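The values are calculated or read from the model by the stated rules, or taken from the named source; none is laboratory data. Note that this is a predicted model, so its numbers are computed, not measured. When we count neighbours, we look across all protein chains shown, and the Cβ atoms used for this are built from the backbone with ideal geometry, even at glycine.
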Amino acid sequence: MKPFDEEVKARIVANAGNTALGSSAYNFLKDSLNPGYSYNFSWLGRPIIQYPQDIIAMQELIWSVQPQLIIETGIAHGGSLIFSASMLELNAACGGPSDAQVLGLDIDIRAHNYDAIKAHPMSKRISMLQGSSIAPEIIDQVKARAAGAERVLVSLDSNHTHDHVLAELEAYAPLTSVGSYCIVFDTIVEDMPGSMFPDRPWGPGNNPKTAAREYLSHHPEFEIDQSINHKLLISVAPDGYLKRIA
Ligand SMILES: C[S@@+](CC[C@H](N)C(=O)[O-])C[C@H]1O[C@@H](n2cnc3c(N)ncnc32)[C@H](O)[C@@H]1O
């Protein structure tokens, strides 16, 4: 390991024990979620509903994994699809897979979003399926697409209830290739006050983190990559970066 990499690693380990920094990060998350901080950003012109720290983590993963296929649940305005496609385009420009694709799933792809995604220069790397991500006919189509891909990365960001995310994990986590990641977004719900989600079906005790915990309890082929949590500190996916290790 180069000295620079060792220094980064040591800083990340130190972050884990830095209670002042951890508490500042927690307070920032708590105070920024309801004002809609994650809705303030765009990627190559399309709104992306993410925190910038998580976008950087995804860039690092897409570079290191060099996936041929990225499966994403939850399209919304298409920002995360355009982001992933643009990272695959950069990978290709740097000698990575030339034909890598993103497959997006959403129960409701609004016409204006669909048209804007289709009109985007990155659309050549994107395909979309409309339907519930846990509907058997959608799962079958995704499995068929993944069958030919050597390296697959999965991102779950749709309905954030425990049962839905657990069903998504059962359907799509097994498609994650060894060494790649299944990222479960909005695990942060578990760590926030229950009063923050009055009009949502999810909240503490019923959310992506509780689903990921249950899935991990009987899937030892995955582990939480704690180094990503400790690096980001500000993330809507704490304990949600699941690495496939076997
Ligand atoms: C948080 S947004 C996705 C944000 C997007 N990944 C981004 O970063 O810009 C959640 C999306 O999940 C979709 N959704 C909700 N329930 C779903 C389901 N059962 N199956 C698939 N998508 C669903 C919603 O329609 C919405 O577009």
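Only one entry of V236, V189 meets the criterion of being more than 19 Å from S133 (Cα to Cα) and without any contact (Cβ under 8 Å) to a residue 40 or more places away in the chain, and that entry is V189.
Being within 13 Å of the ligand (Cβ to nearest atom) and surrounded by fewer than 19 Cβ atoms within 10 Å (Cβ to Cβ) is a property that R110 has. Out of I55, I126, one residue alone is surrounded by fewer than 23 Cβ atoms within 10 Å (Cβ to Cβ) and within 16 Å of the chain's Cα centre (by Cα). It is I55.
Report yes if V178 is over 14 Å from the mean Cα position of the chain (by Cα) and of a type outside the set (D, E, K, R), otherwise no. Don't jump to the end; show me each part of the working.
Working: over 14 Å from the mean Cα position of the chain (by Cα): yes; of a type outside the set (D, E, K, R): yes.
Against the criterion (over 14 Å from the mean Cα position of the chain (by Cα) and of a type outside the set (D, E, K, R)), V178 qualifies.
Of all residues in the range 113-137, those being in contact with a helix residue (DSSP H, G or I) (Cβ under 7 Å, 6 or more places away or on another chain) and among the polar types (S, T, N, Q) number 3. Applying the condition of being among the small types (G, A, S) and part of a helix (DSSP H, G or I) to the range 22-72 and asking which residue is nearest to the ligand (Cβ to nearest atom) yields S38. Name the pairs: first residue in the range 7-27 and closer than 21 Å to M192 by Cβ, second residue among the acidic types (D, E) and part of a helix (DSSP H, G or I), Cβ to Cβ under 8 Å, at least 6 apart or on different chains? Cβ pairs passing all conditions: Y26/D191. Checking the range 94-101 against the condition returns a match, with at least one residue being of a type in the set (D, E), more than 11 Å from the ligand (Cβ to nearest atom) and either in contact with a Ser or Thr (Cβ under 6 Å, 6 or more places away or on another chain) or not in a helix (DSSP H, G or I) (or both).
When P201, P208 are screened for being surrounded by fewer than 16 Cβ atoms within 10 Å (Cβ to Cβ), modelled with pLDDT of 95 or more and within 16 Å of the ligand (Cβ to nearest atom), only P201 passes. Taken together, I224, I228 contain a single residue that is surrounded by fewer than 21 Cβ atoms within 10 Å (Cβ to Cβ) and touching a strand residue (DSSP E or B) at 6+ places or on another chain (Cβ under 7 Å), which is I224. Is it true that some residue in the range 106-119 is within 15 Å of E168 (Cα to Cα) and in a loop (DSSP other than H, G, I, E, B)? Scanning the range 106-119, I find at least one residue that is within 15 Å of E168 (Cα to Cα) and in a loop (DSSP other than H, G, I, E, B), so the answer is yes. Taking the numbered list (1) assigned to a strand (DSSP E or B); (2) over 15 Å from the mean Cα position of the chain (by Cα) in turn, H77 passes all entries but (1).
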